[in-house]
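Enquirer: Below you'll find the structure I mean.
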Amino acid sequence: MAWWIWLVAGIVILLGELLTPGGFYLIFFGAGAVVTAFAAAVGLEGLGRQGVCFLLLSLAALLLFRQPLLRRLRRGHPLLPDELTGEVAVARGEIAVHAVGQAELRGTVWSARNAGDRPLAAGERCRVKRVDGLTIYLRPEE
C-alpha cells in the first residue's frame, strides 16, 4: 500500500476523533496510521508488514498513553460527585433543617440542602455528605 494512503487514512481517523465525544480511542489509531505512513515512505514494504506495524503501534499507544492522557486532561474539569463528598462548603445564608439554600464550594455557589439536624448559620463551615445533580447535601462540621 502506498504511504500516502496511510497518511490520508490517519488524518481521516484523527478527524474522526474530533467528531466523537470523549472516548479517546481513535486518536491512537490515527497516530498509528500516520507513523505507518512514514515507515512506508522510508521503505517498509508489503501490506501485511504495514498492517502489523499499524496495529502494534496503535494498540501499544492506546494501552500506554490513554489513561495518563485522560488523567491529565481531567485535572481542569469539574470533579465527579463522589470526589466532592467530604469537602468543606460555607453556607451563604441561613439554611433551615431540610431546607434548600446556597453554599460556596471551591469558589462556586451551589444549591445546598441542609441534611443535618439543626439549622446552618450564614458563613458556617459544613461537610458535603452527598451530591445529587447540582445540589449538595450538607451537615454541620463537627
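The values are calculated or read from the model by the stated rules, or taken from the named source; none is laboratory data. Quantities reported herein were computed from a predicted structural model and do not represent experimental measurements. Ideal geometry is used to build each Cβ from the backbone, glycine not excepted, and the neighbour counts take in all protein chains shown. Just so you know, the surface numbers come from the protein's heavy atoms only, side chains and all, with ligands and any DNA or RNA stripped out. Shrake-Rupley method; radii C 1.70, N 1.55, O 1.52, S 1.80 Å.
Enquirer: Any idea how many residues of the stretch 110-121 are loosely packed, with under 12 Cβ neighbours inside 10 Å and either touching a Lys or Arg at 6+ places or on another chain (Cβ under 7 Å) or outside any loop (DSSP other than H, G, I, E, B) (or both)?
Expert: Within the stretch 110-121, residues that are loosely packed, with under 12 Cβ neighbours inside 10 Å and either touching a Lys or Arg at 6+ places or on another chain (Cβ under 7 Å) or outside any loop (DSSP other than H, G, I, E, B) (or both) number 0.
Enquirer: How many of the residues in the stretch 32-63 are of a type outside the set (S, T, N, Q), closer than 17 Å to Leu7 by Cα and in a helix (DSSP H, G or I)?
Expert: 19
Enquirer: Within the stretch 4-62, can you find the residues that are of a type in the set (Phe, Trp, Tyr), surrounded by fewer than 17 Cβ atoms within 10 Å (Cβ to Cβ) and over 24 Å from the mean Cα position of the chain (by Cα)? So that I can check it myself, show each step before the final result.
Expert: Residues of the stretch 4-62 of a type in the set (Phe, Trp, Tyr): 4, 6, 24-25, 28-29, 38, 54.
Next, only the ones that are surrounded by fewer than 17 Cβ atoms within 10 Å (Cβ to Cβ) stay: 4, 24-25, 38.
Hits for the stretch 4-62 are Trp4, Phe38.
Enquirer: In addition: Out of the residues in the stretch 88-109 that are more than 30 Å from the chain's Cα centre (by Cα) and not hydrophobic (A, V, I, L, M, F, W, C), state the one that is most open to solvent (accessible area, probe 1.4 Å).
Expert: Here the answer is Glu94.
Enquirer: Can you say whether Pro68 is under 29 Å from the mean Cα position of the chain (by Cα), modelled with pLDDT under 85 and not aromatic (Phe, Trp, Tyr), as far as the supplied structure shows?
Expert: For Pro68, the condition - under 29 Å from the mean Cα position of the chain (by Cα), modelled with pLDDT under 85 and not aromatic (Phe, Trp, Tyr) - is not met.
Enquirer: So, Thr85, is that one within 32 Å of the chain's Cα centre (by Cα), modelled with pLDDT under 90 and surrounded by 14 or more Cβ atoms within 10 Å (Cβ to Cβ) or not? Lay out the reasoning, then the answer.
Expert: Numbers: within 32 Å of the chain's Cα centre (by Cα): yes; modelled with pLDDT under 90: yes; surrounded by 14 or more Cβ atoms within 10 Å (Cβ to Cβ): yes.
Here the answer is yes, as Thr85 does meet what is asked.
Enquirer: For a quick check of your reading of the model, give me the residue pairs whose first member lies in the stretch 11-31 and is in a helix (DSSP H, G or I), whose second is among the polar types (S, T, N, Q) and surrounded by 15 or more Cβ atoms within 10 Å (Cβ to Cβ), with beta-carbon atoms closer than 6 Å and at least 6 apart or on different chains.
Expert: Phe28/Ser58; Phe29/Ser58
Enquirer: Also, I was wondering about something else. Tell me which residues, restricted to the stretch 122-133, are assigned to a strand (DSSP E or B) and either open to solvent by less than 50 Å² (accessible area, probe 1.4 Å) or β-branched (Val, Ile, Thr) (or both).
Expert: Selection gives Cys126, Val128, Val131.
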